[in-house]
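First comes the structure, then the notes that go with it.
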Amino acid sequence: MPKYSLVVLTNAVAGREEEFNEWYSGQHLADVVALPGVVSAQRFHLAPLQRAATPSPYRYLAIYEVETDDLAATVAALRERAGTDLMPLSDAMADDRYAYFFEPMGEATRAPA
């Protein structure tokens, strides 16, 4: 079965971090995992120490693992459900966000044991 990663970078509206994080972790992850083909989700927040001198424009990252023979159907379901009762969106999430599907380019490289 083909595998994909949906990578989403987001921010909270200023002053609404707690509300945003409660909604995202407490509801939105499960709503997205309910989509056909989405098998898991994990959130991250930006670490305080970075290699780059330029600060990231995004504080939060979500990675969704997708396994499907029909990525178009998964994308269509995401578009259809986003902002509905099946996948309500929070106004505590800033409008500027990044969300793209990626395909692997081979197997993961692991450190030697």
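The values are calculated or read from the model by the stated rules, or taken from the named source; none is laboratory data. Only a predicted model underlies this, so the values are computations on that prediction, with no experimental measurement involved. Backbone-built Cβ (ideal geometry, glycine too); neighbour counts: all protein chains shown. Ligands, DNA and RNA are excluded from the accessible area calculation, which covers all protein heavy atoms including side chains. Shrake-Rupley method; radii C 1.70, N 1.55, O 1.52, S 1.80 Å.
Scan region 14-58 for trypsin sites (Lys or Arg not before Pro) in coil per DSSP, keeping those whose Cβ has at most 11 other Cβ atoms within 10 Å, and list them by number.
The qualifying sites are ARG51.
Percent of accessible area on the chain owned by carbon and sulfur, 1.4 Å probe?
Of the solvent-accessible surface of the chain, carbon and sulfur hold 54 percent.
Remind me, relative contact order of region 1-83 in percent, using alpha carbon pairs under 8 angstrom and six or more residues apart?
The value is 44 percent.
Rank by packing, highest mean first: peptides 23-32, 54-63, with packing defined as the count of other Cβ atoms within 10 Å averaged across residues.
23-32, 54-63
List, in order, the whole-Hz ³J(HN,Hα) value for each residue of region 43-49 obtained from phi through the Karplus relation with A = 6.51, B = -1.76, C = 1.60 and θ = phi - 60°; use x for Gly and Pro.
So the Karplus estimates, Gly and Pro as x, are 9, 9, 10, 4, 6, x, 10 Hz.
Which of these, ASP85, ASP96, ASP69, has the largest mean-square fluctuation under a Gaussian network model of the chain (Cα springs below 10 Å)?
Of ASP85, ASP96, ASP69, the Gaussian network model singles out ASP85 as fluctuating most.
GLU80 label point, 7 Å along Cα→Cβ, cut-off 19 Å on backbone N: hits in region 35-53?
Label zone hits: 35-39.
Based on the Cβ-Cβ distance from LEU46 to LEU71, what FRET efficiency comes out when R0 is 30 Å, to the nearest 0.05?
Given R0 = 30 Å and the Cβ-Cβ separation, E is 0.60.
What accessible area per residue comes out for the chain, rounded to a whole number of Å², with a 1.4 Å probe?
Ligands and nucleic acids excluded, the result is 69 Å² per residue.
Work out, step by step, the length gained on full extension between LEU89 and GLN27: first 0.36 nm times the residue separation, then minus their alpha carbon distance; give nm to one decimal.
21.4 nm
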